[in-house]
Amino acid sequence: MFGYSIIQLVRQMGDKIDRDIRQELVQFYQPFRKIPCFLHRPFERVRKKAKRLPIIIEFEDGTFDFGLSDMKSSKCRTRTEFPSISCCSTKLSVEKIEQLLKNSSHIKKIHYDRKVTTLLDVASPSIHSEQLKQSGLTGKDINIAIVDTGIYPHDDLQGRIIGFKDLVNNRTETYDDNGHGTHCAGDAAGNGQSSNGEYQAPAPEANVIGVKVLDKMGSGSLSTVIAGIDWCIQNKSTFNIDVLSLSLGSNATQSAEEDPVVKAVNNAWDNGIVVCVAAGNSGPAPETIASPGISPKIITVGAANDNNTTDRSDDIVAEFSSRGPTIDGLTKPDLLTPGVNIISLRSPRSYIDRTNPQLRVDENYISLSGTSMATPICAGVVAQLLQKQPTLTPDEVKQQLISACEDIGQAPNVQGHGYLDAENLV
């Protein structure tokens, strides 16, 4: 029967292939429906060699080196290796995938290297971070890694971009061809210099490290995001990275226990880095928390609408903010911070800047909405807290943030533990 080998393999090895890979393999045969039966076999043979899929291979614990040896024996090249989470990324033909699954006993699961995007839907005063600044807490000497589209060297960050890694184009100078990462950096650490202090973030004296994992269009792959997180872990001591802010994600298609990006953020957390991740912009529907926000360890941030006032009484959960429970049934997000019409740093001539000129505010700023904005605002408050108590562990930081939240009367899977009130951290 045409296609029998792959279909049989999918059934036999279903637990070792994620849902997206199964769909890709089944769709592999769709173009042959109108081809005469006697031509199926030769066409199949050619297509199995030509059709290549981007994948992440996860090996059984303790078998990483053996798994790589199996790949070498099968003449399969790796693209990036992640020994800390026992994974590697590669691009293999369907024939090679079939061969590996049959011949290697060390493969735990094959994940589709699916697309990851910024969590942007086309402020700090309402969370009372100003009270922390009045106490001298400005994020000074705390370093925040922005894993995103890069960072433009904006005047409001002058002298505080202390590191940059480009995993997309391998450029060395600091830049942002999309604009999203620059806005996020400003949400966390912009000092408002170009606005006489009007558009100032919670941590205006914190340093930032730009890690570019998303391209000009604001998209990338799981493997590039994992590589960015891994780079932060490997360079934690070099740049004294305290906080990781990820305003990106993809649909959660598998349990957090099996999700490779969740494994990566959990690894950063276990290495002493506080990780803030966007909940996603698929609300108000339930069960829409994005990956890696489904991780039970890290801080998953939802967005509140402060209605452009500093009075918290009129603040509500943003309509677009993703709701729990997670794919595993866990309550998420963990908390809310402002994420609607947030004015932050503009990256001139970037993709967002050119396609949304109506969102520009004066010459140096732009207004954007999304859990993308809420996440670095939370990261900025974390920087303020760590300046006050630098020995806090990530778990202790998370607990203090949760304790500082105000219940605004929504269900836990809508508001998490509530709306962050940074004044309660003093």
Amide N of segment 150-173 lying under 11 Å from the label point, which is placed 7 angstrom from the Cα of T238 along Cα→Cβ: 163-166
Quick check: Cα centre of segment 132-175 to Cα centre of segment 226-268, how many Å? 18
Among beta bridges that DSSP assigns inside segment 116-425, antiparallel share in %, nearest 5: 40
Only helices counted: for the chain, with every DSSP H run of 4 or more residues adding -39500 (n - 2.57) and the sum spread over all residues, [θ] at 222 nm is -8500 deg cm²/dmol
What is the Cα radius of gyration of the chain over 2.2 N^0.38 Å, N being its residue count? 1.02
Karplus-derived 3J(HN,Hα), 6.51/-1.76/1.60, for each residue of segment 359-376, Hz, glycine and proline x: 8, 5, 10, 6, 8, 10, 10, 8, 9, 9, 10, x, 5, 4, 7, 5, 5, x
What's the FRET efficiency of S255 with N169 using the Cβ-Cβ distance as r and R₀ = 22 Å, to the nearest 0.05? 0.05
In whole Hz and in residue order, list the ³J(HN,Hα) couplings for segment 224-239 that follow from phi through the Karplus curve 6.51 cos²θ - 1.76 cosθ + 1.60, θ = phi - 60°; x for Gly and Pro. 5, 5, 4, 4, x, 5, 4, 4, 4, 5, 5, 10, 4, 6, 4, 10
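Charges only on Cβ, +1 for Lys and Arg, -1 for Asp and Glu: so what's the dipole of segment 116-425 about the Cα centre, in debye to the nearest 20?
In debye, rounded to 20, segment 116-425 gives about 600.
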Which of the residue pairs K72/K212; K72/K263; K109/K332; K75/K96; K212/K236; K297/K332 have a Cα-Cα distance greater than 20 Å in the structure shown? K72/K212; K72/K263; K109/K332
Could you calculate the contour length gain from L330 to Q399, that is, 0.36 nm times the residue separation minus the distance between their Cα atoms, to one decimal place in nm? 23.2 nm
Separation of alpha-carbon centers, segment 371-392 and segment 66-104, rounded to whole Å: 38
Return the long-range amide H neighbours of S221 (sequence gap of 5 or more, or a different chain), with a cut-off of under 5 Å between placed amide H atoms. V116
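Just so you know, all these numbers are worked out from the coordinates, no wet-lab data involved. Not measured: the values here are computed from a predicted model. Every residue, glycine as well, gets a Cβ built from its backbone with ideal geometry; the counts of neighbours run over all protein chains shown.
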